[in-house]
1. Sorted from fewest to most neighbouring beta carbons within 10 Å, what does the list Leu298, Leu218 look like?
2. In whole Å, how far is the Cα centre of segment 183-250 from that of segment 328-404?
3. Can you give me the C-alpha center-to-center distance between segment 465-496 and segment 69-137, rounded to a whole angstrom?
4. Based only on Cα atoms, what Rg/Rh ratio does segment 473-560 have, Rh being taken as Kirkwood's radius?
5. How high is the relative contact order of segment 437-512? Use alpha-carbon pairs under 8 Å, at least six apart in sequence, and give a whole percent.
6. Between Arg375 and Thr617, with labels modelled 7 Å along Cα→Cβ, what's the label distance in nm to one decimal, could you check?
7. Could you name the lysines whose alpha carbon sits less than 20 Å from that of Lys116, not counting residues in the same chain fewer than 8 places away?
8. What is the distance in Å between the Cα centres of segment 261-315 and segment 669-697?
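Values in this text are rule-based calculations from the coordinates and carry no lab data. Since the structure is predicted, the reported quantities are computational estimates derived from the model, not experimental observations. When we count neighbours, we look across all protein chains shown, and the Cβ atoms used for this are built from the backbone with ideal geometry, even at glycine.
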Amino acid sequence: MTPSSKFQPSRRRFLAESGALVVSFALARYADAQPAASAPGSLAKAPNLDSWIRVDADGAITVFTGKVELGQGLKTAITQIAAEELFVEPKSIRLVTADTARTPDEGQTAGSNSMKDSGTAVMNAAAQVREMLVGLAATRFGVERNALLLQDGAIRTRDGRTATYGELVANQSLHVAAQAQSSLVEAKARRYIGKSMPRVDIPAKVVGGAAYVHDLRLPNMVHARVVRPPNRSARLTMIDAQTIEKMPGMVKVVRNGSFLAVVAEREFQAIGAMRAANRAAKWDMPQARGATDAYAALAAAPHEDFVIQGDKSPITKAWTRQATFRRPYQMHASIGPSCAVALYEGEKLTVWTHSQGVYPLRGSIAEMLKMPLERIRCVHMEGSGCYGHNGADDAAADAALIALALPGRPVRVQWMREQEHAWEPYGSAMTTTVQAVLQSGSITDWQFEVTSGPHSTRPERKGGYLAAAWLLQEPMAPPPPQPIPQPDGGGDRNSIPLYSIPNVRVVHRFVRDPTLRVSALRSLGAYMNVFSIESFMDELAAAANADPVAFRLRHLADTRAQDAIKLAAERFGWSDFKRRPGKGRGFAFARYKNHAAYAAIAMEVDVDRDGGRIDVTRVVAAIDSGDAVNPDGIRNQTEGGIVQSLSWTLYEAVRFDDKTIESRDWASYPIMRFASVPRSVEVHVIERPGTPFLGTGEAAQGPTSAALANALADATGVRIREIPLTPERVRAALSQA
């Protein structure tokens with residue numbers, strides 16, 4: 001490359017227009033550096049740069065992240081970030097996601113934190129590695145750093161001398177501690193960040209390639225199925241294992257206490273053996289649970305009150321308006337059941353899993369099996385959908401237990417549909433009560449109470465979190481669940497209104513032992529709390545005789561929140577909306593966790609008053625996720641969040657009786673089908689280059705639900721405060737109006 005006006009001897013400018021490098025080396029002046037306490041993102045937990053980036057002698061670049069790809073586009077975004085700061089093309093980056101033998105420990109992939117934690121870490125690690133490579137090249141060539149150009153994995157002088165990244169790092173192997181500050185590429189000079197890039201995880205899924213852990217096939221692999229008890233408390237008293245083992249293709253019946261599994265050479269043989277074992281097994285059934293009404297059980301259950309904002313004592317006022325909202329237990333309802341593959345060989349156990357936290361899972365399996373941690377490796381592979389804590393970790397524990405009984409043979413476990421529905425941890429049932437005072441059209445007082453079970457019982461390095469552990473000969477009880485503290489929160493996530501209100505009191509009534517097994521479901525309590533707050537904001541706007549959008553803006557001081565609301569309303573055509581019978585519009589807004597992404601949703605619906613069906617015809621969203629690495633990826637995530645939230649809000653509720661779960665298939669637990677997807681979904685991304693990453697994946701859940709309820713009220717004049725908004729519930733409300 002010939003120097004030109006495009007490549008002036010300004011290091012910042014030429015770095016912003018060229019490319020390359022990575023780490024498993026170091027300069028002497030960096031070697032003794034200590035990790036900075038304020039190192040950005042997950043660098044604070046894994047401070048050595050070679051935990052994140054490796055450059056081999058042949059120039060190959062590998063980037064590591066402890067977060068997992070679960071459909072949110074993480075692989076693409078991390079690749080773009082690394083390519084930007086290393087001055088190489090994205091296709092030259094090899095990305096390794098969560099693997100306890102290779103990647104840093106970043107805990108769970110949850111809370112829309114991947115970009116904030118891992119994206120920030122990779123960005124800064126790559127920038128610091130780039131600076132080190134420039135320093136190495138400057139020393140080699142005897143020139144000033146700002147006289148060097150970077151392009152395609154090489155650094156060159158203006159007189160044509162060149163060294164590849166691989167040549168520069170040869171024979172270097174020092175750990176280098178990250179620094180608190182990095183020389184990042186200026187936003188205006190970026191080539192990859194801020195540009196839409198095709199998702200790297202999509203092609204194999206589209207063409208039916210090996211995309212998921214379900215597709216993993218290893219030599220000499222066997223197939224297993226677990227025989228589930230009728231309910232969590234049942235205990236196995238008898239099984240004729242010898243008869244089952246005589247079935248065609250059978251390899252082994254594995255039993256440990258009440259944990260029972262069958263292993264066969266082929267999958268359909270394992271399914272047949274499982275069904276035979278289901279018929280033959282005898283179980284000691286406990287007494288009936290007693291509770292069949294989720295809301296009555298929540299109200300009657302012992303609880304702890306946490307006042308997370310405001311006075312310890314309730315506010316006593318002449319309330320202008322008050323309301324109670326309800327949400328049932330809801331499933332992840334992953335279309336592909338949970339799956340895992342495990343291999344026990346040479347006294348070492350490897351588990352391939354679609355868990356969202358391979359390190360926490362490894363700790364839990366180690367405790368369950370009483371194995372040393374260093375003998376267990378958990379490798380993430382994509383699963384077919386979850387967004388929260390579904391059965392993935394439990395399937396991994398199943399596979400690990402069975403693999404120990406069959407050394408040397410990979411064991412593949414896949415749950416059946418009825419097992420997934422009946423045994424996965426659900427999103428907790430919740431109730432909220434909200435009261436407010438209006439004076440001169442403004443809210444002066446607000447009191448909010450949310451009652452909820454736990455929103456995380458993830459495998460956090462404790463064996464008792466795994467379903468298989470409850471059934472062992474020496475069973476492990478799950479540790480008592482704990483509330484997730486603010487500012488993130490669990491059941492109380494987003495329960496504090498972002499609006500400017502003089503007197504606010506918010507109480508979280510934490511039910512430690514709910515009726516059903518519960519854990520993290522996408523957005524946790526934010527979905528219900530935003531549904532409640534934003535539905536109530538519409539009720540207050542009506543009481544104040546104010547436009548819902550103008551009413552929200554009047555109570556917001558955050559200018560970014562205002563920007564999101566104004567953009568969604570403008571692109572929807574809020575002020576020009578034409579009404580007709582049965583047609584309505586709704587609006588809602590939230591900032592996820594009150595410190596992450598901003599999302600505003602405007603929605604149009606048609607309501608069939610006779611049948612009660614709600615047809616969502618059009619959705620317009622505005623999303624501010626901070627620095628937008630891949631705008632199209634942000635649109636993907638927001639669209640997906642809207643569709644999933646609509647499914648929850650229109651259809652989904654777990655049915656159960658006093659002994660077992662009744663929602664065991666798609667007929668008893670319906671989800672949104674293609675025919676019901678909105679005819680139009682527009683997502684407008686507010687790009688803010690150079691600002692912190694705010695995450696995206698869970699921002700749309702709450703605003704979508706409230707916008708739907710508000711649109712229904714606008715179309716019919718009837719306010720429904722209980723999810724889901726089924727045709728039966730709509731018809732009943734209309735008949736009483």
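1. Values: Leu298 22, Leu218 14.
Ordered from fewest to most neighbouring Cβ atoms within 10 Å, Leu298, Leu218 come out as Leu218, Leu298.
2. 10
3. So the two Cα centres are separated by 30 Å.
4. 1.12
5. 44
6. Rounded to a tenth, the inter-label distance reads 6.5 nm.
7. Qualifying lysines at Cα under 20 Å: Lys45, Lys67, Lys75, Lys195, Lys593.
8. Cα centroid to Cα centroid, the span is 32 Å.
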